[in-house]
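Every read-out reported here was derived from the displayed coordinates using simple, explicitly stated rules and does not represent laboratory data. All values derive from a computational prediction rather than experimental measurement. Here the Cβ positions follow ideal geometry from the backbone for every residue, glycine too, while neighbour counts run over all protein chains shown.
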Ligand SMILES: Cc1ncc(COP(=O)(O)O)c(C=O)c1O
């Protein structure tokens, strides 16, 4: 297990108290807390380096551009991107997927075509495809999940028989914690002639990612879920695909020459980064990556899987608690979704908050999944490197208290 006392000392907000209690932050799938190193990197950037990038002729602007481009190289190395030019900075996963749908999708999906998604996809990896399919009169094929919350591989195979143009799926489900066999899914999708879009919002922060080994075509990530600033993130793609794609947003930076009635475009990745970019976000994200690499993604993955296993064991001992998603280590990340009898998940979250415990309650932007689980909402605890067994104990203890408070009577 990681030394959580030492790690927590790096996170100013985790030293704060909530309702006069130690803050137990278990909403890491929504966003993560920031270490001092990330906060310092952002402050230092504004103190020493701030200028607009790619256009200044003076030394300060050159330094700002270098900081921004160094962050791109850092992101590229972190996920083993094909080249730094294949890393487009975006506001996060949502914008990265919208970019692919609006650019690659519009150029390549035609009437009668199909796009494959899964029943465990976040709305971010579903709604952009719905918008595209509506516009193009193409269809969405949703792959079902198994009883234990894994992707139904037989259904995936049947979906591929329809020769979809695009196959999109999450590496890790934010609602079930399921870790999908991405390399296998990509191989199958490629054999069926599709390009693949991997939603990496919940994998990039929590396990080692190698996009070249996965061989996916597009990979989306969010900086704020991996200790970085909000509004930072990236689309990582095979450069040849980006080269061939039309621009996403028009404006400054993304052009080469502009005439009265048409323009030519900049080379990748700048073709997809119209306007002044979030330089502070990129610099902060690079500092977050440095911090994560200092600990090691394999250690982080191991730590979280142990916590999830402990949480599942403790929670399932409480009569009336149902935990969703796969049980086997290796198939699940540090996300534990549960319900407790007929107590509304929002009530559970409110009671836990009184003990300084932050969990999420709701549909987790996965309404199609909630329908399949036959629930309107779940409560969700999601772990990160600063959580420890004490947090699991706090969660389980507070849940028992919540059950008593709501007079939960086992059926
Ligand atoms: C699996 C998954 N995909 C996409 C997103 C969207 O990420 P963002 O809001 O950072 O764009 C989230 C955020 O919760 C997520 O968990």
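List of remarks:
- Once divided by 2.2 N^0.38 Å, the Cα radius of gyration of the chain becomes 1.01.
- Backbone N within region 257-300 under 17 Å of label point (7 Å from residue 183 Cα along the Cβ vector): 298
- Rel. contact order, % - alpha carbon contacts under 8 angstrom, at least six apart, region 24-116: 11
- Least to most buried among 143, 283, 375 (fewest other Cβ within 10 Å first): 375, 143, 283
- Angle between the chain longest axis and helix 297-316 axis [Cα atoms, degrees, rounded to 10]: 30
- Relative to the longest principal axis of the Cα atoms of the chain, the long axis of helix 345-354 lies at roughly 80 degrees.
- Helix axis angle, 59-78 relative to the chain longest principal axis, alpha carbon, degrees: 60
- Sites residue 83 and residue 44 - FRET efficiency at Förster radius 30 Å, r taken between beta-carbons, to 0.05: 0.60
- Fewest-first sequence of 319, 304, 147 by Cβ atoms within 10 Å of each Cβ: 147, 319, 304
- Rounded to the nearest 0.05, the FRET efficiency derived from the C-beta distance between residue 6 and residue 249 at R0 = 45 Å is 0.60.
- For region 123-167: rounded, prolate or oblate by the Cα gyration tensor [a/c cutoff 1.5]: oblate
- Relative contact order for the chain, counting Cα pairs under 8 Å that sit 6 or more residues apart, in percent: 22
- The chain, helix-only ellipticity at 222 nm - DSSP H runs n ≥ 4, -39,500 (n - 2.57), divided by all residues, nearest 500: -11500 deg cm²/dmol
- Taking region 233-346 and dividing mean pair separation by its residue count, relative contact order in percent (alpha carbons under 8 Å, at least six apart): 16
- The average projected area of region 142-189, computed from the convex hull of its Cα atoms over all directions, is 3.3 nm².
- Taking 0.36 nm per residue of separation and subtracting the Cα-Cα distance, full extension of the segment from residue 134 to residue 260 would add 42.1 nm.
- Applying the Kirkwood pairwise sum to the alpha-carbon positions of region 294-411 produces a hydrodynamic radius of 14.6 angstrom.
- Counting only DSSP beta bridges whose two residues both lie in the chain, roughly 60 percent are antiparallel.
- Of 99, 14, the sequence from fewest to most neighbouring Cβ atoms within 10 angstrom is 14, 99.
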